[in-house]
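> Structure incoming, see below.
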Amino acid sequence: MNFDFSTDQKSLREQARKFLAEHASSTRVRRILEGAAPFDAELWKGMGEMGWMGTAIPESHGGAGFGYLELCVIAEELGRSLAPTPFSSTIYLAAEAILLAGSDAQKKRWLPRIAQGEAIGCLALSEGPQVATPANLATRVDGGRVSGAKIPVADGDVADFAVVLAGDGAGGRAGLFLVDLKGAGVTRTAVATVDPTRSHARIALEGAAAEPLGPAGQGWPLVERLLNRAAVLVAFEQLGGAQASLDMAREYALGRFAFGRQIASFQAIKHKLADMYVGIELARSNAYYGAWALSKDAPELPVAAAAARVAASEAYYQAAKENIQVHGGMGFTWEFDCHLHYRRAKLTGLMLGSARRWKDLLVTRLEAGAA
Amino acid sequence: MDFEDTREEAAFRAEVRQWLGAHAEPKGRAFETWQSRYAGREGYDGLERAQAFQRKKAEAGFAALHWPTEWGGRALPPIYQVIYAQEESRYLVPRGYFEIGLGMCMPTLFAYGTEEQKRRYAPAALRGDEVWCQLFSEPGAGSDLAGLRTRAQRDGDDWVINGQKIWTSGAHWADWAILVARSDPKTAKHKGLTFFFLSMKSPGIETRRIKQISGASHFNEVYFTDVRIPDAQRLGAVGAGWGVAITTLMNERLTSGDLRGPDFEEIFGLARTTALEDGPAIANAAVRERLADLYVKTQGVRLTRFRTMTALSRGETPGPENSIGKLVNAPKAQEIASFAMDLLDMGGVVMDKDAAPLRAAFQESLLSSPGGRIAAGTDEILRNIIAERVLGLPQDVRVDRDLPFDQLPTGSR
């Protein structure tokens, strides 16, 4: 039995934690929360110098060719620190989409630049306040030109290119397309979200040039495969954030006195923190399994990814929400950092689709496995 | 990251598989037990069958893998015990007779007994010739074990025991027992305890079965009237019984176990084969959401155990994560039972084995699962343990810590 990260992977974690403690401190995160910059460009540059963007990109495409376990380790630390960068959009979604479906030419064009930290990508899927389905997908491609509106697109305001899901036939048929966001027919507007530390946009496409990514008509299955892979990586970000929330709650409860004693000595608080811990450990074990399945490209990935996503989304939200509660009145002030995780927990819980939907997917996949 | 055994572990697993294949009967379904198939049948006495199997297991060297070789063990790291248990769990082996003796009593004897005592008791316990039980809990001392009141009074070379124990598994068939009793009620409660072992055949011991909600009787009350124990059977110093009891309980945490009853697989199967008002239960959104929640918890506990096994396999001390297992599994068993019965609607109440799905396993679990949330650490005590030992939070304010025991306030229950 060897169900844990290796010594090398653990030292990578330490290295990442140290780097982010300095370069993605709460002060730095708050600069993005309160300022006009959409992301921390200096931090992004530093992450590029550390070689993180190329972690799972093969060496033949300019990456470091480590693998997904290493990427999971980095993701957990990014989540812990709340690093305000377009890493998830670029690496877990855009780069993965190209690795999954791109032609050699597309890989050659984008992957080396992504690995160097010189290109930012994003995934343009959602079209408004409802779940995206074949029945309601309005964005369409015709003769190599795409038209429609995508909202919200994480990092859509800063990305160089987007992977766009658009109808390419009748009856809800769709395909994936690469769109140069600096080209003609693209209008981007920043959109406010519950988490201003991560920038989002509305992208209006009016006959923008669209290059097919993968086979025509395969958009939905490709998106499903893409989201499975991203679900595992985001689960590690959520895990890091959940653990940070528990750590904050613990520290505050130990230092805060009421009724003549530490509030951490009251069972109402102790049991709340114990429940946070249980949720996090269940999520951690499910995420590790997802990491294993992702790294081996195992047939278990669809089930493992759904379980990891459900467990991590719920554990992070629970930990972030109860962290505010433990902090009492200070917990809902702008000044304390509790809200940073509360915002990020809800954002990451929805960015690849809600836990509600992933639970349904999970049972569908278990049924398929049992049939 | 993988789920493979090391070469040594794989060789051991193969040895275990071969041996079990030759000496034990495979299960029909995952949660079936020897008891659920054979209990009550003529010619199937559980204790006799268990002793016969235990003897073979001891001869094959599987009975106490982590014990020193001089006592019949193999001195193997704990991972091998886990591997053996994994393999044995696929078979119908009568369980519940020797776990306490081998897992808790003997380790305590190894730590505190004389060489002569170890020689006298360990081999007999290993072969299942002698069965042990543990006399700890009392009517007034459950979660707060150190509040126990059974008296031990010195009389020459003997101690005289008076009082009552409760929740003693197997007291009605045990030959020997470990006992913690109060030797000095004038001192603070943790300091006035002394630890012994004694014969369950001693004059003055009376054992009564306790009938549980489920109708089963796994536990006993044990009454002591002037029971005499030679001082030579004291383990640890006079007044040091609490420390000895902690040794015993640390071992309990390593042995306490799995969900015994329908689990995710069974509720998933039921949902796929049961019709609701709007079609198959598995197609109902509310049902699907709960199934997903149960799957995530089930996998979470299973995979957490793999993390613990990994630490053991690497020769490391497992992290605290394994403390979540029972806290998640015990309430989950109750939830699965109740949820399954809801799916069966009005028919869910039926407990006739021939008329209820899975021979009424869900209904039986409804009645047995509340005990799982209490035995071997209540949900609340487990949360305290996680809070204090894992998260490092302070203990509760203890009003009883430094008062003499006989001056502590008591209630009527």
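Read-outs: derived from the displayed coordinates by stated rules, not from any lab. Note that the coordinates shown come from a computational prediction; the quantities given were computed from them, not determined experimentally. Reconstructed Cβ throughout: ideal geometry from the backbone, glycine too, with neighbour counts over all protein chains shown.
> Would you mind calculating the relative contact order of chain A from Cα pairs under 8 angstrom and at least 6 residues apart, reporting the percent as a whole number?
It comes to 15 percent, rounded to a whole number.
> Give me log10 I(q)/I(0) at q = 0.16 Å⁻¹ for the stretch B:302-413, Debye formula, one equal scatterer per alpha-carbon, no solvent.
Debye intensities relative to I(0), on a log10 scale: -0.90.
> Please order A:Y288, B:Y44 by the number of other Cβ within 10 Å, starting at the fewest.
B:Y44, A:Y288
> What is the sum of charges around B:L294, taking Lys and Arg as +1, Asp and Glu as -1, for the other residues whose C-beta is under 12 Å from the C-beta of B:L294?
After counting each charged neighbour, the total is -1.
> Let me ask something else about it. Which of B:R383, A:R343 has the fewest other C-beta atoms within 10 Å, and how do the rest follow up to the most?
In order of increasing Cβ crowding within 10 Å: A:R343, B:R383.
> Which whole number gives the average, over all residues in A:356-364, of C-beta atoms from other chains lying within 10 Å of the residue C-beta?
Mean shielding count: 5.
> Hey, with R₀ at 45 Å, roughly what FRET efficiency would B:Q153 and B:D342 work out to, going by the Cβ-Cβ distance, to 0.05?
0.25
> Next up: On average, how many beta carbons from a partner chain sit within 10 Å of the beta carbon of a residue in B:316-322?
Partner-chain Cβ atoms within 10 Å, mean over residues of B:316-322: 2.
> Identify the trypsin sites (Lys or Arg not before Pro) of the stretch B:182-229 meeting these criteria: DSSP loop state and at most 14 other C-beta atoms within 10 Å of the C-beta.
Within the stretch B:182-229, the qualifying trypsin sites (Lys or Arg not before Pro) (loop, at most 14 other Cβ atoms within 10 Å) are B:K186, B:K201, B:K211.
> Sticking with this structure for a sec: Please compute, for peptide B:302-309, the average count of beta-carbon atoms on other protein chains lying within 10 Å of each residue's beta-carbon.
Mean partner shielding for this stretch: 6.
> Over the Cα atoms, compute the radius of gyration (one decimal) and Dmax (the largest Cα-Cα distance, rounded to a whole number) for the protein assembly as shown, in Å.
My reading of the Cα-based Rg and Dmax gives 30.2, 104 Å.
> Mind listing the long-range amide H neighbours of B:G96? Cut-off is under 5 Å, sequence gap 5 or more, other chains count too, H placed in the peptide plane at 1.01 Å from N.
For B:G96, whose amide H was placed from the backbone, there are no distant partners under 5 Å.
> Related question: Can you give the angle from 0 to 90° between the axis of helix A:338-351 and the longest principal axis of chain A, with both taken from C-alpha atoms, to the nearest 10?
So the helix axis and the longest Cα principal axis differ by about 30 degrees.
> Further question: Give me the compactness ratio for chain B, meaning the Cα radius of gyration over 2.2 N^0.38 Å.
Compactness ratio reported: 1.05.
> Roughly what % antiparallel, to the nearest 5, for the DSSP beta bridges in the stretch B:132-254?
Percentage antiparallel, nearest 5: 85.
> What is the mean projected area of the alpha carbon convex hull for the stretch A:171-292, to one decimal in square nanometres?
Mean shadow area of the hull around the Cα atoms is 12.0 nm².
> So for the stretch A:220-370, what are the equivalent ellipsoid semi-axes in whole Å, largest first, each being the square root of 5 times an eigenvalue of the Cα gyration tensor?
Each semi-axis is √(5λ); the values are 34, 15, 11 Å.
> Filter the GluC sites (Glu not before Pro) in the stretch B:1-56 down to the DSSP loop ones having no more than 16 other Cβ atoms within 10 Å, then list what survives.
Answer by residue number: B:E4, B:E32, B:E42.
> Further, regarding this structure: Quick one: Kirkwood hydrodynamic radius for the stretch B:132-254, alpha-carbon pairs, angstrom, one decimal?
Evaluated over the stretch B:132-254, this radius sits at 14.4 Å.
> Using θ = phi - 60° and the Karplus form 6.51 cos²θ - 1.76 cosθ + 1.60, what ³J(HN,Hα) does each residue of the stretch A:45-61 get, whole Hz, x for Gly and Pro?
Ordered by residue, 3J(HN,Hα) equals 5, x, 4, x, 5, 6, x, 5, 5, x, 3, 10, 8, x, 4, 5, 10 Hz.
> Taking a temperature of 20 °C and a viscosity of 1.002 mPa s, what whole-number D in µm²/s does Stokes-Einstein yield for the stretch B:150-202 with Rh from Kirkwood over alpha carbon pairs?
This corresponds to a translational diffusion coefficient of 177 µm²/s.
> Quick one: work out the % antiparallel among DSSP beta bridges in chain B, nearest 5.
Among the beta bridges of chain B, antiparallel pairing accounts for roughly 85 percent.
> Going through the stretch B:134-230, which chymotrypsin sites (Phe, Trp or Tyr not before Pro) have at most 16 other Cβ atoms within 10 Å and a DSSP loop state?
B:W173
> For q = 0.11, 0.13 Å⁻¹, what log10 I(q)/I(0) does the stretch A:1-72 give under the Debye formula with an equal point scatterer on each alpha carbon and no solvent?
Normalising to I(0) and taking log10 leaves -0.36, -0.49.
> Could I have the simple spin-label model distance between A:E49 and A:D142, label points 7 Å from Cα toward Cβ, reported in nm to one decimal?
Here the modelled spin labels are 5.0 nm apart.
> Once amide H atoms are built 1.01 Å from N in the peptide plane, which residues 5 or more positions from A:Q218, or in another chain, come under 5 Å H to H?
A:L176
> Scaled to the compact-protein estimate 2.2 N^0.38 Å, what is the alpha-carbon radius of gyration of the stretch A:121-216, rounded to two decimal places?
Against the compact-globule rule of thumb, the ratio is 1.00.
> With θ taken as phi - 60° and the coefficients 6.51, -1.76 and 1.60, list the Karplus ³J(HN,Hα) couplings across the stretch B:196-204 in order, rounded to whole Hz; mark glycine and proline as x.
9, 10, 8, 7, 6, 8, 4, x, x
> Still on this structure, I have one more. Lys and Arg at +1, Asp and Glu at -1: add these up for the other residues within a Cβ distance under 13 Å of A:I269 and post the number.
Net of charged neighbours comes to +1.
> Oh, and also: Can you tell me, using C-alpha contacts under 8 Å and at least 6 residues apart, the relative contact order of chain B as a whole percent?
13
> How big is the Cα convex hull of the stretch B:7-95 in projection, averaged over all directions, in nm²?
6.1
> List B:V238, B:V222 from most exposed to least, where exposure is judged by having the fewest other Cβ atoms within 10 Å.
B:V238, B:V222
> Between A:A208 and residues 5 or more places away or on another chain, which pairs have amide H atoms under 5 Å apart, with H built 1.01 Å from N, and which residues are they?
Residues meeting the amide H criterion: A:V146.
> Provide, in order from the shortest bin, the percent of all Cα-Cα pairs of chain A in each 20 Å bin, continuing until the bin that contains the maximum pair distance.
29, 58, 12, 0
> Rg/Rh for the stretch A:247-306 to two decimals, with Rh computed the Kirkwood way over all alpha-carbon pairs.
1.30
> Now for a separate question. In whole Å, what three semi-axes, largest first, describe the equivalent ellipsoid of the stretch B:82-203 built from its Cα gyration tensor (square root of 5 times each eigenvalue)?
28, 17, 13
> Can you quote the Å³ per residue value for the convex hull of the Cα atoms in the stretch A:1-120, rounded to an integer?
Cα-based convex hull of the stretch A:1-120, divided per residue, equals 105 Å³.
> Helix B:7-23: angle to the longest alpha-carbon principal axis of chain B, degrees 0 to 90, nearest 10?
90
> log₁₀ I(q)/I(0) of the stretch A:291-345 at q = 0.13, 0.25, 0.31, 0.32 Å⁻¹, via Debye over equal Cα point scatterers, no solvent, to two decimals?
-0.46, -0.86, -1.09, -1.12
> What does the charge add up to near A:G169, with Lys and Arg as +1, Asp and Glu as -1, over the other residues with Cβ less than 13 Å from its Cβ?
Once all neighbours under 13 Å are counted, the net charge is 0.
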